[in-house]
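**Student:** Take this structure first; my questions come after.
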Amino acid sequence: MSAAPSVRVQAGLGPAPTTWTEGRFTPSVPAPVAEEGRSAPRELPPASRNSLAKAALVTAGLSVAGALLGLVRDQALARLFGAGSDTDAFLVAWTVPEFAATLLIEDGLAFALIPAFSMALARRAQGAPGDPVRALVAGTLPRLALAFVAVGALLAGIAPQVVDVLAPGLPDPALAVDCTRITATCVVSFGLAGYCSAALRAHRRYLAPAAIYVAYNVGIITGMLVLGGQWGVRAAAGGVAVGGCLMVVVQLPALLRQLRKKTAGGARNEDEARPLDTALLATVLLFALCRQSQVLVERFLASSLPSGAISHLNYAQKVAQMPMILSVMVCTVTFPVVARALADGDVERAKGRVERDLALAASIVLLGTAGVVACAPQIIELLFQRGAFTASDTATTAGVMRVYALGLLGQTLTGVLARSYFSAGRGAWYPVGATATGIAVTSAGGALAVGPWGVYGIAAANAAGITVTALVLLAGMGPRSVPVHVPAVIRQLAAPVLASVVAATAGALVAARLDGAPLAALAVGGLTVTGVFLAAGRALGAQGVVHALRFAGSVTRRLAYVRSR
């Protein structure tokens, strides 16, 4: 077999800092130096364990706050509008912000922009002329903003056709069309919010990006409470529009402060208007689009079921994904670190970081999965069973949530692994193929299962599809991404999976003994799940559990030290 060629890894930002040779990244630039007569620009220090821990705490705290407000938002939606046709109509329109969040904030645009900003910062540290960071902004932000406006206007114009495609069996398409036109504004606001978020995280500024979902949910809740009586469920769509604008507002001051910082030398013509690599942008957006397409499949299949099916799926999925939010938060904080390590040519640092992220994120989500499976009826009853949301809705939603939970590990692994493929700032088609494979499994499985099992069959197909995606991504690790050791990763995952099964069984048995007292059952069941999982994980040598316990001990000691001063 002939030797693999060397390929310069670029993202539209001039000389690439790494070279892809024989399936590995190798350094191709010298250490940062200053040009003669100039002082090297002040640059970000290496990310220490303490700095990452602090960033993780800030992000976790605000992520939990945003997630809790998301639950309050869903509670308000359930209480005001129940789980009927009006809510189904809004949830069809909700597909737009769901897709926009994935494409423009969480996965798609971030996968392209964070490596691009990391490379620009690396070039600035190497003494590149002008300011590569400002050049990147000048070359990308105006074009992207224009694209956001165009897509948002197009969605508003073709809203009837969008609703027909998403939910052809919907009994009241006119209401869904109105809501879709209102939520189409989020394409612009989410795009700008995602841009700000990626730029700030690349600069290791996490506070403002972590606060965006707090602002977003405040906007939606306020819209429903203030306008719900007059506009009906359209008030929730109006809240989406307001919340999207608030996501930009909370980040803009922090980003402007970063861009105003002085750098050595003035702007040069050769550093102006550097666009993103087209292949990179295409692959990350297609990946995010394929990943989020499972929502389209679910709502298309559920639209033919009795009224309320879409709502049951939505509530179940939102609650079931809470553990995944905390687990993906880990790699959200460390993704800029991995991207910068590859930009500096430090492959081993990137490899070690990804392997630790996989272990820790898997342990967090498996602990949450055990809790969801053990206490699903109590969780749904406490959160939603009031107003128009009945006991029957609780039973159906809890059952669906347990099925969804089976795919949480796959969702978390997909999130961590995808960042590894795109962290070098180059186009990667393999993740697109992996997600397309998963969507094919979800679509075929859902079509076969929706007849005999209804919403439960749809949820099972979702879990199967995302698990297949994660397995395909894991199988391709190495030559196509950060070269982690796949057999070692699989061995590390076995221990927390077994601990999760044991913990879920123990928690369910304990919670069942307190039937009729949902709060007590949830408290005791949750404590049982946590204790059994941590004990079993430590006994089995689960690396993620060990890291989590050490981190918790470090945080406890730091807080005790602060209080003693």
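The values are calculated or read from the model by the stated rules, or taken from the named source; none is laboratory data. Being a predicted model, the structure only gives us computed values, none of them experimental. Methodologically, a virtual Cβ is constructed for each residue, glycine included, from the backbone with ideal geometry; neighbour enumeration extends over all protein chains shown. The area values use the complete protein model at the heavy-atom level, side chains included, leaving out ligands, DNA and RNA. Shrake-Rupley method; radii C 1.70, N 1.55, O 1.52, S 1.80 Å.
**Student:** First check a/c for the range 457-517, with a ≥ b ≥ c the square roots of the eigenvalues of its C-alpha gyration tensor; if it is under 1.5, answer rounded, and if not, answer prolate when a/b is larger than b/c or oblate otherwise.
**Tutor:** oblate
**Student:** Under the rule a/c < 1.5 gives rounded, and otherwise a/b versus b/c splits prolate from oblate, where does the range 323-445 land using the Cα gyration tensor?
**Tutor:** prolate
**Student:** Report, by chain and number, residues whose modeled amide H sits under 5 Å from the one on GLY82, excluding near sequence neighbours (fewer than 5 apart, same chain).
**Tutor:** Sorted by chain and number, the residues that satisfy this are ALA388.
**Student:** Using a 1.4 Å probe on the protein chains only, how many percent of the accessible area of the range 437-526 belongs to carbon and sulfur?
**Tutor:** Answer for the range 437-526: carbon and sulfur cover 75 percent of the accessible area.
**Student:** Restrict the search to the range 297-376; then list the GluC sites (Glu not before Pro) that DSSP places in a loop and that have at most 16 other Cβ atoms within 10 Å of their Cβ.
**Tutor:** Those that pass, being in a loop and sparsely packed, number zero.
**Student:** Spelling out what I want: for every residue of the range 108-116, take phi, set θ = phi - 60°, compute 6.51 cos²θ - 1.76 cosθ + 1.60 (Karplus), and round to whole Hz; glycine and proline get x.
**Tutor:** x, 5, 4, 5, 8, 7, 5, x, 5
**Student:** Show me the three semi-axes of the equivalent ellipsoid for the range 136-259, from the C-alpha gyration tensor (sqrt of 5 times each eigenvalue), largest first, rounded to whole Å.
**Tutor:** 30, 19, 10
**Student:** Still on this structure: Please label the shape of the range 401-455 as rounded, prolate or oblate, based on the square roots a ≥ b ≥ c of the eigenvalues of the alpha-carbon gyration tensor (a/c under 1.5 means rounded; beyond that, a/b larger than b/c means prolate, else oblate).
**Tutor:** The shape class here is oblate.
**Student:** Near ALA67, within a Cβ-to-Cβ distance under 14 Å, what is the net charge of the other residues, with Lys and Arg +1 and Asp and Glu -1?
**Tutor:** 0
**Student:** Can you give the relative contact order of the range 172-268 as a percent, counting alpha carbon pairs under 8 Å and 6+ residues apart?
**Tutor:** Worked out over the range 172-268, it gives 37 percent.
**Student:** Whole Å is fine, so just give me how far the alpha carbon centre of the range 354-403 lies from that of the range 134-168.
**Tutor:** 33
**Student:** Give me the Å³ per residue figure for the convex hull around the C-alpha atoms of the range 412-510.
**Tutor:** 111
**Student:** Using only Cα atoms, locate the centre of the range 191-239 and the centre of the range 476-522, then give the distance between them in Å, rounded to an integer.
**Tutor:** Taking the Cα centre of the range 476-522 as reference, the centre of the range 191-239 is 31 Å away.
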